[in-house]
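Novice: This structure is in structure tokens; I'll ask about it shortly.
Each value in this text was obtained by applying a stated rule to the coordinates, not by laboratory testing. No experiment lies behind these values; they were computed from the predicted model shown. Note that we place each Cβ from the backbone using ideal geometry, even for glycine, and neighbour counts take in every protein chain shown.
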Amino acid sequence: MTTANSGKPLPQITDLTRPFWTAAKQGKLVLQKCAKCSTFNFFPKPWCIECGSRELNWTDAKTGGTVYSFTISRSVAMNFPGWEAELPVLMCLIDLDDGVRLYGQVKGCKPEDMKIGMRVEAFFEDISDEAGIPKFRPVQ
Ligand SMILES: [Zn+2]
């Protein structure tokens, strides 16, 4: 596992997932959208989760979402100094406005202020020469 990401693990980028990471590097959130039924898919898959079509196009997605659930990490299980420096870490399940749910870190919020149903918006951090990652912050 590579840890060039300021002491955090890097995702294993494949041909299937590369557009997501590359777009995040450019400050954009993209998701696979089915050309047949218009369903957004996440995480990236070779076929549509709704209708099975393989006609999936990477499409700009809305950056807004709602916190579905969250956990507050106050320690790290492995020695990742990058995570230790950010403790406590707010790791959330976010329901994006385009209808998919993904994991994401919320920053700029005190743990005691985190709430299910909170509105958040994506922003992007570089994690390597080829990838960025969407993270989220509360919408005021
Ligand atoms: Zn479909």
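Novice: Please name which of Ser73, Gly99, Leu87 has its Cα lying farthest along the dipole of the chain towards the positive end, using unit charges on Cβ (Lys, Arg +1; Asp, Glu -1) and the Cα centre as origin.
Specialist: Gly99
Novice: Within the set Lys25/Lys45; Lys33/Lys115; Lys33/Lys110; Lys8/Lys62, which residue pairs have Cα atoms separated by over 25 Å?
Specialist: Correct reply: Lys33/Lys115; Lys33/Lys110; Lys8/Lys62.
Novice: For the range 18-138, what is the relative contact order in percent, using Cα pairs closer than 8 Å and at least 6 residues apart in sequence?
Specialist: 27
Novice: Let me ask something additional. When the helix-only estimate is applied to the chain (DSSP H runs of n ≥ 4, each -39,500 (n - 2.57), divided by the residue count), what is the mean residue ellipticity at 222 nm, nearest 500 deg cm²/dmol?
Specialist: -2000 deg cm²/dmol
Novice: Rg and Dmax of the chain, Cα atoms, in Å?
Specialist: 15.5, 45
Novice: Also: For Arg137 and Met91 in one chain, what is 0.36 nm times their gap in residues minus the Cα-Cα distance, to one decimal in nm?
Specialist: Computed gain between Arg137 and Met91 is 15.4 nm.
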